[in-house]
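The values are calculated or read from the model by the stated rules, or taken from the named source; none is laboratory data. Note that the coordinates shown come from a computational prediction; the quantities given were computed from them, not determined experimentally. Don't worry about glycine lacking a Cβ; one is built from the backbone with ideal geometry, like all the others, and counts go over all protein chains shown. Note: accessible area is taken over every heavy atom of the protein model, side chains too, but ligands, DNA and RNA are not part of it. Shrake-Rupley method; radii C 1.70, N 1.55, O 1.52, S 1.80 Å.
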Amino acid sequence: HVGRNLELIPYFSLSDRIGGQQPQLRGLSGTGGLDARYGLTANLTANLTVNPDFADTEADEFTSQISRFEIFFPEKRKFFTEGANYFTTPLQLFFTRRVGARLPDGEPQRILQGGKLTGKAGAWTLGALEALTQETGFIDPPTQQKQTARGAFFGVLRVQHDIWQKSAIGFISVNRRQASGAVGQSESSHGVDLSLLSGQHIKWNSQVMVNLNDAHPGVDGQHMGWISDFNYNSNQYALE
């Protein structure tokens with residue numbers, strides 16, 4: 001059946017670590033996992049990963065830039081790059097590098113599993129993603145003290161519906177929930193966007209969003225934002 005192709009990619013690796021400044025990491029260790037991809041229909045694809053290995057991912061380029069703002073490196077992990085366009089909005093509410101980000105000792109936080117559904121069904125465009133990271137211990141370089149990075153659940157839902165000939169209205173919900181003792185910490189962003197295309201020259205993208213954050217006990221953070229971008233482009237005139 002067209003589109004119903006199943007791909008299974010298992011892996012297993014064995015390593016032996018000697019030397020180094022962290023004796024607790026020395027010794028023989030092994031790991032394994034599975035990547036799966038299934039075409040539900042010709043235009044709708046499901047992906048699943050269990051204990052993914054990103055060893056073949058290209059390393060980030062070194063930068064010596066010093067700023068009080070974060071440096072955003074592009075996503076290169078295959079699980080997140082495939083179908084990334086289905087989660088794109090005028091305001092960047094979902095940044096996949098937050099999932100399994102590098103810890104202070106330089107090692108990434110392990111991703112236990114992830115699932116994704118992307119594609120089109122009639123006039124609907126769908127992108128759904130969930131991922132679970134593992135609670136991970138690390139040695140803080142400045143203090144040389146062992147600390148713990150709590151595991152977290154990430155969930156994203158992106159829906160768009162085609163309207164008229166070349167326009168669409170969409171919704172996105174981005175959620176992160178992290179365990180912290182007996183109390184959970186949650187962060188979420190929700191947005192509604194509109195993309196209007198008229199003829200060959202007029203394009204208008206807009207979005208309004210709200211951010212909810214209770215990551216700090218006793219302090220609730222609520223923020224709103226919006227963006228509107230109008231563009232007219234022809235052989236004779238250009239207006240933004």
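Numbers below:
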item: Part-to-part distance (alpha-carbon centres) for the stretch 108-143 and the stretch 73-90, which is given in Å; result: 12
item: Probe 1.4 Å, protein heavy atoms only - accessible area per residue of the stretch 52-194 in square angstrom; result: 60
item: Assigned charges on the beta-carbon of Lys, Arg, Asp, Glu; the stretch 89-156 dipole about Cα centre (debye); result: 200
item: Over 22 Å between alpha carbons, listed pairs Lys76/Lys116; Lys116/Lys166; Lys76/Lys166; Lys76/Lys120; Lys78/Lys203; result: Lys116/Lys166; Lys76/Lys166; Lys76/Lys120; Lys78/Lys203
item: Accessible surface of the stretch 30-187, 1.4 Å probe, proportion on carbon and sulfur as whole %; result: 55
item: Rounded, prolate or oblate (a/c below 1.5 giving rounded, otherwise prolate when a/b exceeds b/c) for the stretch 79-230 by Cα gyration tensor; result: prolate
item: Packing-based order for 71-78, 112-119, using average beta carbon neighbours within 10 Å, highest first; result: 112-119, 71-78
item: Shape call, the stretch 80-124: gyration tensor on alpha carbons, a/c limit 1.5; result: oblate
